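The values are calculated or read from the model by the stated rules, or taken from the named source; none is laboratory data. Because the structure is predicted, anything quoted here is derived from the model rather than measured. Reconstructed Cβ throughout: ideal geometry from the backbone, glycine too, with neighbour counts over all protein chains shown.
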Amino acid sequence: MGNIAFVHGNVIPMDVRKRYTAVLALDGKIAAVGNDQEIKEAAKKAGIPVKDLKGATVLPGFHDCHAHLSLTGFDAQGINMYDAKDIPEVIERLKEADASWDQDRWLYGMRIDEGLLAEKRPPTMEELDVIGRPVFISDRGGHYVLVNRLAYDALGIDDDLEGVRKDESGRLTGRLQDKANKEARNRFPRTRQEFYEAMKWTGEEALRKGITTIHAQEGFTKDDPAVELLLEHEEDFPVDLVIYWCYMPEADDPLAKKMGILGGDILLDGSIGSRTAAFFDPYCDGDGCGYLNYTYEEARDFVESGIVRDLAMSFHVIGQKGISTALDIYEEVMGKHPEKKDTARLRLEHFGWPDQRDIDRAAQMGVRISTQPPFTYLRGGPESIYRSRLGEDREKAGYPLRLMLDAGLCVGGGSDSDITPLDALLGIHAAVNQPYPENSVTPYEAVRMYTSEGARCGWEDDYKGKLKPGMQADMVILEEDPLTVNPQTIKDIKVLGTVRKGDLVYENGI
Ligand SMILES: [Zn+2]
């Protein structure tokens, strides 16, 4: 809990449309915003030195409403496959790492995207067997892994487990998805210390981007230690956390009780990339409409068990059917428990393809939305996989931010890091510069998604997300003002510093 005073700044409180030039924080909280003279006097009285911002912009610290800390940290240490142009290049990168990494480490590759490889398929187990140690490659969305024979044997996965892919002749392809994907990730040899270090790295990286709160999406299996580790370290973690468990525990699980949250990035449906996001209409370039990973009854009983215990609920939903089903469930459970109407905390992750009826239903029930503007900014448009899989009309209707805000939905912004970079300014930029202008929002609205509405999205708006007296003193200092700069350059604005609870925890030229 620190004290800090800034003058000669461009302080945007995100509370009223007013601006100030100075701000004072005492004991980790905003004590005052005002003009230079007022703050200088108040700082002098409190014995705090003032820092001259020379015109830099101050905003509330950013919230990333959906990020995977462990995946991001592991990926930062891994071999990047995202921009590999073909399979020989993937193999080449593995060989380079093989020559330099410690002998006892598995080669960990990440962010492979088969759609971007010339062959339009991932490398096979046989192709990966040219490497003489275990190879483990994660896809960009976390939906499958690729392994060579050494890794497969060491993981001890049963050949008949769901998701162990085989070719027509029954040979293993090395691709593990569904249950096998989860198991493989779970069994990857890593100590608890390595696990925690990876998440802590992500927390520190967040501060470099001006992010002071992360809605962490962790623990995709029962044995994944991430949630437990984060709860242990909540006090000394580099950023504030709202921890969402991406697994369905028993409703009385003590960890869920401690978090006050039961649901999270639990995959009610899947992703566009793997044609598993659930729609009412089929994909344009393959069979089927995607599918739900849980029955309606399973998901409903899970939601009800959380609501009656006053635990916050959320699901990962992307396709229209996934969204619609989640809202049907929320409606049924809330209809059964009208006594929870004012206290239930309902939220949904992603919310990619809602129709107008579902947007309105969500708004009416007060369901808060945690979405990711960089998805369509980085991966949408006429040339994209969204277009080829969904067709023009559906592709253009994806992530309709404008409609969501116009309906009065609370929309928090996030990265889904490591799926898109952990970078709130990129997120703000993306919300303003969508591939189709009708889906874009104004810079002010976009900043709100990552500050005041971000805080609301985690039910923290009573003490975070705005710069006003009494609020937690989390601030980001930017070289330029995202509200007035050329909107096409928002993502290039430099973060000069980050303040968390009144302490300057990151300094980069102020
Ligand atoms: Zn998700």
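Residues of the stretch 480-510 that are part of a loop (DSSP other than H, G, I, E, B), modelled with pLDDT of 95 or more and touching a Gly at 6+ places or on another chain (Cβ under 8 Å): 494, 501, 502, 508. If the requirement is being on the phi > 0 side of the Ramachandran plot, touching a residue at least 40 places away in the same chain (Cβ under 8 Å) and not hydroxyl-bearing (Ser, Thr, Tyr), which of these qualifies: 163, 174, 170? Answer to the selection: 174.
Of note, residue 303 satisfies the criterion of being touching an Asp or Glu at 6+ places or on another chain (Cβ under 9 Å) and free of Cβ contacts under 8 Å to residues at least 60 places away in the same chain. For the residues 421, 469, the requirement of being assigned by TED's automatic domain parsing to the domain that holds residue 32, surrounded by fewer than 20 Cβ atoms within 10 Å (Cβ to Cβ), not β-branched (Val, Ile, Thr) and not in a helix (DSSP H, G or I) singles out 469. Test of understanding: among 218, 197, which residue is within 28 Å of residue 427 (Cβ to Cβ), of a type in the set (Asp, Glu) and crowded, with 23+ Cβ neighbours inside 10 Å? After ruling out the rest, the residue left standing is 218.
Within the stretch 371-386, the set of residues being at pLDDT 95 or above and of a type in the set (S, T, N, Q) comprises 371, 372, 376.
Criterion applied to 100, 138 was being of a type in the set (Ser, Thr, Tyr) and without any contact (Cβ under 8 Å) to a residue 40 or more places away in the chain, and the one residue passing it is 100.
When you check residue 474 against the structure, is it charged (D, E, K, R) and surrounded by 22 or more Cβ atoms within 10 Å (Cβ to Cβ), yes or no? So residue 474 passes the test.
Taking residue 372 as the residue in question, decide whether it is over 21 Å from residue 417 (Cβ atoms) and out of contact with any Lys or Arg (no Cβ under 8 Å at 6 or more places or on another chain). Answer is no for this residue. Among the residues of the stretch 335-343, is any within 17 Å of the chain's Cα centre (by Cα) and surrounded by fewer than 23 Cβ atoms within 10 Å (Cβ to Cβ)? Checked the stretch 335-343: no residue is within 17 Å of the chain's Cα centre (by Cα) and surrounded by fewer than 23 Cβ atoms within 10 Å (Cβ to Cβ). Being outside any strand (DSSP E or B), among the hydrophobic types (A, V, I, L, M, F, W, C), more than 16 Å from the ligand (Cβ to nearest atom) and farther than 30 Å from residue 295 by Cβ, is that true of even one residue in the stretch 232-254? Looking through the stretch 232-254, at least one residue is outside any strand (DSSP E or B), among the hydrophobic types (A, V, I, L, M, F, W, C), more than 16 Å from the ligand (Cβ to nearest atom) and farther than 30 Å from residue 295 by Cβ. Residues in the stretch 257-283 that are buried (at least 23 other Cβ atoms within 10 Å of the Cβ) and more than 21 Å from residue 296 (Cβ to Cβ): 261, 272. Those residues that are aliphatic (A, V, I, L, M), within 16 Å of the ligand (Cβ to nearest atom) and touching a Phe, Trp or Tyr at 6+ places or on another chain (Cβ under 7 Å), I need them from the stretch 188-226; list them, please. Those that are aliphatic (A, V, I, L, M), within 16 Å of the ligand (Cβ to nearest atom) and touching a Phe, Trp or Tyr at 6+ places or on another chain (Cβ under 7 Å): 216, 226. Candidates are the residues of the stretch 493-510 that are in contact (Cβ under 8 Å) with a residue 12 or more places away in the chain and of a type in the set (D, E, K, R); the one that is surrounded by the most Cβ atoms within 10 Å (Cβ to Cβ) is 500.
Here's the yes/no breakdown for (1) of a type outside the set (D, E, K, R); (2) within 20 Å of residue 416 (Cβ to Cβ); (3) part of a strand (DSSP E or B); (4) within 16 Å of the ligand (Cβ to nearest atom):
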position	(1), (2), (3), (4)
274	yes, yes, no, yes
285	no, no, no, no
291	yes, no, no, yes
297	no, no, no, no
334	yes, no, no, no
348	yes, yes, yes, yes
360	no, no, no, no
364	yes, no, no, no
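The set of residues from the stretch 134-180 being in contact with a Gly (Cβ under 6 Å, 6 or more places away or on another chain), assigned to a helix (DSSP H, G or I) and of a type outside the set (A, V, I, L, M) comprises 178, 179. Applying the criterion of being under 19 Å from residue 465 (Cα atoms) and touching a Leu at 6+ places or on another chain (Cβ under 8 Å) to the residues of the stretch 398-418, the residue that is surrounded by the most Cβ atoms within 10 Å (Cβ to Cβ) is 415. The criterion of at least 2 residues that are crowded, with 19+ Cβ neighbours inside 10 Å and at pLDDT below 95 is met by the following strands (runs of 3 or more DSSP E) wholly inside the stretch 18-133: 107-112.
Residue by residue, here is whether (1) within 30 Å of residue 465 (Cβ to Cβ); (2) away from the ligand (no atom under 16 Å from the Cβ) holds:
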site: 55; (1), (2): yes, yes
site: 59; (1), (2): yes, yes
site: 71; (1), (2): yes, no
site: 77; (1), (2): no, yes
site: 87; (1), (2): no, yes
site: 127; (1), (2): no, yes
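Of all the residues in the stretch 299-329, those that are part of a helix (DSSP H, G or I) and either surrounded by fewer than 20 Cβ atoms within 10 Å (Cβ to Cβ) or not aromatic (Phe, Trp, Tyr) (or both) number 18. Considering each residue of the stretch 366-397, count those that are in a loop (DSSP other than H, G, I, E, B), over 21 Å from residue 448 (Cβ atoms) and within 16 Å of the ligand (Cβ to nearest atom), and give that number. Counting residues in the stretch 366-397 that are in a loop (DSSP other than H, G, I, E, B), over 21 Å from residue 448 (Cβ atoms) and within 16 Å of the ligand (Cβ to nearest atom) gives 0.
Taking the criterion of being β-branched (Val, Ile, Thr) and either farther than 17 Å from residue 414 by Cβ or within 12 Å of the ligand (Cβ to nearest atom) (or both), the residues of the stretch 255-272 that qualify are 266, 272.
Checked against the criteria, residue 395 counts as at pLDDT 95 or above and either assigned by TED's automatic domain parsing to the domain that holds residue 493 or buried (at least 22 other Cβ atoms within 10 Å of the Cβ) (or both).
Can you report the number of residues in the stretch 321-332 which are touching an Asp or Glu at 6+ places or on another chain (Cβ under 6 Å) and within 16 Å of the ligand (Cβ to nearest atom)? Residues meeting the conditions: 2.
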